[in-house]
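Report on the following structure.
Just so it is clear, none of the values below were taken in a lab; they were calculated from the coordinates. Since the structure is predicted, the reported quantities are computational estimates derived from the model, not experimental observations. Positions of Cβ are generated from backbone atoms using ideal geometry, with glycine treated the same way; all protein chains shown enter the neighbour counts.
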Amino acid sequence: MPLLDIQDLNVYYGGIRALSHLSIHVDAGEIISIIGANGAGKSTLMLTITGDKKPQSGTIRFEGNALPAESYKIVQRGISLVPEGRRIFPGLTVYENLMTGAYIRNDKAGIQKDMEEVFSLFPRLKERIKQHGGSLSGGEQQMLALGRALLARPKLLLLDEPSLGLAPIVIDELFDKLVEINKSRGLTMIMVEQNAYVALDIAHRSYVLSTGEIVMEGTGQELLEEEGLMESYLGTKEHDSED
Ligand code: ATP
């Protein structure tokens, strides 16, 4: 049984269909990437899984069951999102930002233990524990957003464009951490990305999303061997980079 099983999902904004007959599955322990250009529907998919956008039709099953309607109950069931643009609280300290991730929990000892684990993964956050979130660099803010999501102790971690706006060296560092977290804890991840090369590189399997539809699925290697894939669906040429 897949950890997450989405079947025939249709999502609209008014008359605009943002996701069309979308079906994907994610097995426990996998890193899945969903790659697509601007406006392909990536954020809509994330918002639909987290309960922030209601689908017109289709099913989302998590551990074999339908998800509750309320977002906070979905977090309690074990799905946590690192949103596009990080969305950390600039006026709160690093510690306070991390604690907002634990709002659904009341096991103080467990929260403290997970906080220590986040600090061992990201020692720079510990060094800046009393600093305001808004004073951190882009890469540090992304680590903070990731740490905050981990403090909800998720079974499934969703990442919306984690590489956006980061320098290549910072992206490498961040993605190494994602692989480390996946390997050490077996944490399942779905990442949506415009930066196809980094996303295909670390994922076990990937889907290509184009104007709301899944048009291809495969391993990173299989997709990279698809002639014209990047140009057709992602509007990039091989080895093009934003930087
Ligand atoms: P980006 O990388 O630019 O964020 P995306 O792949 O995440 O793109 P979505 O933001 O999910 O794409 O958008 C999918 C489609 O839905 C687009 O056509 C977009 O214009 C439309 N859309 C998204 N949000 C809204 C909204 N609040 N109201 C109306 N249309 C929307």
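For the pair L164 and T59, the difference between a 0.36 nm per residue extended length and the Cα-Cα distance amounts to 34.9 nm.
Structure remark: mean-square fluctuation, Gaussian network model of the chain, C-alpha springs under 10 Å; the largest value among L92, L200, L19 belongs to L92. With only the Cα atoms considered, the chain has a convex hull volume of 125 Å³ per residue. By the Stokes-Einstein formula, at 0.890 mPa s and 25 °C, segment 34-90 with its Kirkwood radius over alpha-carbon pairs has D equal to 194 µm²/s. Of all the C-alpha pairs in segment 94-177, what % are more than 21 Å from each other? So the portion of pairs separated by more than 21 Å is 26 percent. If the chain linking E225 and V179 were pulled fully straight, counting 0.36 nm for each residue of separation and taking away their Cα-Cα distance, it would gain 14.3 nm. Peptide packing: for 105-112, 144-151, 84-91, 203-210, the average count of neighbouring Cβ atoms within 10 Å per residue gives the ranking 144-151, 203-210, 84-91, 105-112, highest mean first. As a ratio to 2.2 N^0.38 Å, the alpha-carbon radius of gyration computed for segment 1-102 takes the value 1.16. Under 29 Å of direct C-alpha separation, and excluding same-chain neighbours fewer than eight residues apart, K54 reaches these lysines: K42, K73, K155.
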